[in-house]
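Engineer: Quick one: the structure is below, questions incoming.
The values are calculated or read from the model by the stated rules, or taken from the named source; none is laboratory data. The structure presented is a predicted model; accordingly, all values stated were derived computationally and were not measured. Here the Cβ positions follow ideal geometry from the backbone for every residue, glycine too, while neighbour counts run over all protein chains shown. Side chains are part of the model used for accessible areas, which takes the heavy atoms of the whole protein and leaves out ligands, DNA and RNA. Shrake-Rupley method; radii C 1.70, N 1.55, O 1.52, S 1.80 Å.
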Amino acid sequence: MNILIVDDITDNREILERLLRQFSRKHEVTIEVFHAENGEIAVQTCEEYPIDLVFMDIFMPVMNGLEATKIIKKSRPSVMIIVISSEEDEEIKQDILHAGAEDYISKPFSSAIMLSRLNNYHRLVLSRNSIGYQTRAVNIFTHNVYSYQMKFFISNDDELSQFWETMMVRLEFHNHIDHLCDFVRFIFRLSTYQLQKSYKCHVYLEEDEHHFYFTMDNMRLLCTETIHKMIKKYYIEAVYEIEGNLLSFVLTKTGSDLVNAGSTITEAAVSASLSTPMHAEPLPVPIKKEPALQTYDILDADAIEEFEHVVSKLQTEISLMGSSSLNIDDIDTMNIYIKQLAAILSISQDAYVIAESLRSFSILLDEYSEPFLAMSKELSTMVTSFINDIVMWKDMVFYSGAPSVDFLNSSISSNVQMIRAIFVIDNTAEEDLDDIFDF
């Protein structure tokens, strides 16, 4: 690991290097330490050497730490920059953190705390240099994507607007994707068409080194031929695939070579499509006859009425998750409703998967009711997505018509698995996480 210490005071650099050497011996980590007495030398060092971690002072001659941080993060965004300063001005702290620094340590610091943090920084650098891959990707093109994933649930115009704001404004994806506006406008148009038909869907965002993959589910609800016509009319440069219930798009990252990037995707058909220029007409996809939508009488009228009543009460409880008024009794009440829904659906073999997902959620609340309460605000979006899927399944299966009884099985079960995974990870962790970052 290559570490750069930036400080205009020689003694400060030497003290920190001694701690780094101590950390290196204790954890058997090979490190090389570089020194810089101002921000200008720090920028030059990061250009000449593969620096992994920078400890940056703020006030220095020639170039200060704020300017140096901006320049380094612009050219080398993967470099981890940690500010070490005696400056207590909160506005200055926020400025340098917004510039790209990832942690702020106040002087004087404890040697024990610094050694503990070095262990955390080391693990983060290792993770950054060897990103894990997801074996259960959603997109049709490849499973060789990074392990993180972003998901949007689009069930009304407000949620569709939030998708637009996130992609176009808040997360500044235009810095990473060429012609992003064309793509987002098309997704907005297609989703609006779905909402007009009272259809709802998820949009999943995945990523690898060269591409972003966007996948929409519930495509069986639309005619495949209609989707092809809309793409050909409004987004002709698209590289896309339709398979079963999914529609996936692949967008090349800014500066990536499309032909070379295609070699990272293993499926033969997809490699062929990625070797096609972006502005070429998409490869033809066989048009399959879509199943007719119909309602199903898997429950009798009394059971449906009871199911609807309990779902309505559960929705009310879940709506409280974003507020501070939630308490442990609310979690217990939510659990009771989930158990009731599982019991109602267990009557029908056709609803077995959803009943099992509800039971799994109930077991989660039995085991982790207090941690669930503590994280309720953070979990509100995921749990809301879960109940929205349940409501959509109910409405379509019993009233408006669905392609099959199990058309939302994977979405509902994956929501529960994702929520449960949060608590499994939290309860197997052995590290004391109280002192990782200040901000």
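Engineer: Against the conditions (1) in contact with a Ser or Thr (Cβ under 8 Å, 6 or more places away or on another chain); (2) modelled with pLDDT of 80 or more; (3) under 23 Å from Ile51 (Cα atoms), where does Leu97 fall short? Just the number, please.
Structural biologist: It fails just one condition, (1).
Engineer: Quickly run through region 302-315 and pick out the residues that are surrounded by fewer than 17 Cβ atoms within 10 Å (Cβ to Cβ) and either touching a helix residue (DSSP H, G or I) at 6+ places or on another chain (Cβ under 7 Å) or more than 19 Å from Gln349 (Cβ to Cβ) (or both). I'd like the intermediate steps shown before the answer.
Structural biologist: Here is the first cut: in region 302-315, the residues surrounded by fewer than 17 Cβ atoms within 10 Å (Cβ to Cβ) are 302-303, 305-306, 308-309, 312-313, 315.
Once the filter is applied, which keeps residues that are surrounded by fewer than 17 Cβ atoms within 10 Å (Cβ to Cβ) and either touching a helix residue (DSSP H, G or I) at 6+ places or on another chain (Cβ under 7 Å) or more than 19 Å from Gln349 (Cβ to Cβ) (or both), region 302-315 yields Ala303, Glu305, Glu306, Glu308, His309, Ser312, Lys313, Gln315.
Engineer: As an exercise: evaluate Glu67 against (1) under 31 Å from the mean Cα position of the chain (by Cα); (2) under 22 Å from Leu118 (Cα atoms) and give the number of the one condition it does not meet.
Structural biologist: Single failed check for Glu67: (2).
Engineer: Go through (1) modelled with pLDDT of 90 or more; (2) open to solvent by 20 Å² or more (accessible area, probe 1.4 Å) and name the single condition Lys74 misses.
Structural biologist: Unmet for Lys74, out of (1) modelled with pLDDT of 90 or more; (2) open to solvent by 20 Å² or more (accessible area, probe 1.4 Å): (1).
Engineer: Identify all residues within region 202-237 that are assigned to a loop (DSSP other than H, G, I, E, B), over 18 Å from Phe173 (Cβ atoms) and open to solvent by 30 Å² or more (accessible area, probe 1.4 Å); write none if there are none.
Structural biologist: If the condition is that a residue be assigned to a loop (DSSP other than H, G, I, E, B), over 18 Å from Phe173 (Cβ atoms) and open to solvent by 30 Å² or more (accessible area, probe 1.4 Å), then Cys223, Ile236 are the ones that fit.
Engineer: Same structure, new question: Does region 213-228 include one or more residues that are touching a residue at least 24 places away in the same chain (Cβ under 8 Å), among the charged types (D, E, K, R) and touching a helix residue (DSSP H, G or I) at 6+ places or on another chain (Cβ under 8 Å)?
Structural biologist: Yes: region 213-228 contains one or more residues that are touching a residue at least 24 places away in the same chain (Cβ under 8 Å), among the charged types (D, E, K, R) and touching a helix residue (DSSP H, G or I) at 6+ places or on another chain (Cβ under 8 Å).
Engineer: If you scan region 346-362, which residues turn out to be among the β-branched types (Val, Ile, Thr) and within 25 Å of the chain's Cα centre (by Cα)?
Structural biologist: Across region 346-362, the qualifying residue is only Ile354.
Engineer: Residues in region 117-135: is at least one in a loop (DSSP other than H, G, I, E, B) and surrounded by 12 or more Cβ atoms within 10 Å (Cβ to Cβ)?
Structural biologist: Yes, because at least one residue in region 117-135 is in a loop (DSSP other than H, G, I, E, B) and surrounded by 12 or more Cβ atoms within 10 Å (Cβ to Cβ).
Engineer: Which residue pairs have Cβ atoms under 6 Å apart, sit 6 or more places apart or on different chains, and have a first residue in region 86-103 that is closer than 13 Å to Thr69 by Cα and acidic (Asp, Glu) and a second that is open to solvent by 50 Å² or more (accessible area, probe 1.4 Å) and part of a loop (DSSP other than H, G, I, E, B)?
Structural biologist: Asp103/Phe437
Engineer: Which members of region 26-45 meet the condition of being at pLDDT below 90 and either in a helix (DSSP H, G or I) or crowded, with 19+ Cβ neighbours inside 10 Å (or both)?
Structural biologist: Lys26, His27
Engineer: Among the residues of region 188-204, which ones are touching a residue at least 24 places away in the same chain (Cβ under 8 Å) and within 19 Å of Phe386 (Cβ to Cβ)?
Structural biologist: Matches in region 188-204: Lys200, Cys201, His202, Val203, Tyr204.
Engineer: Please specify each residue of region 376-402 satisfying the condition of being open to solvent by less than 30 Å² (accessible area, probe 1.4 Å), under 19 Å from the mean Cα position of the chain (by Cα) and hydrophobic (A, V, I, L, M, F, W, C).
Structural biologist: Leu379, Val383, Phe386
Engineer: Looking only at region 316-374, which residues are in contact (Cβ under 8 Å) with a residue 60 or more places away in the chain and either open to solvent by less than 20 Å² (accessible area, probe 1.4 Å) or of a type in the set (Phe, Trp, Tyr) (or both)?
Structural biologist: Ile318, Met321
Engineer: Output the residues belonging to region 365-396 that are at pLDDT 85 or above, among the aliphatic types (A, V, I, L, M) and closer than 24 Å to His202 by Cα.
Structural biologist: Met375, Val383, Ile387, Ile390, Val391, Met392, Met396
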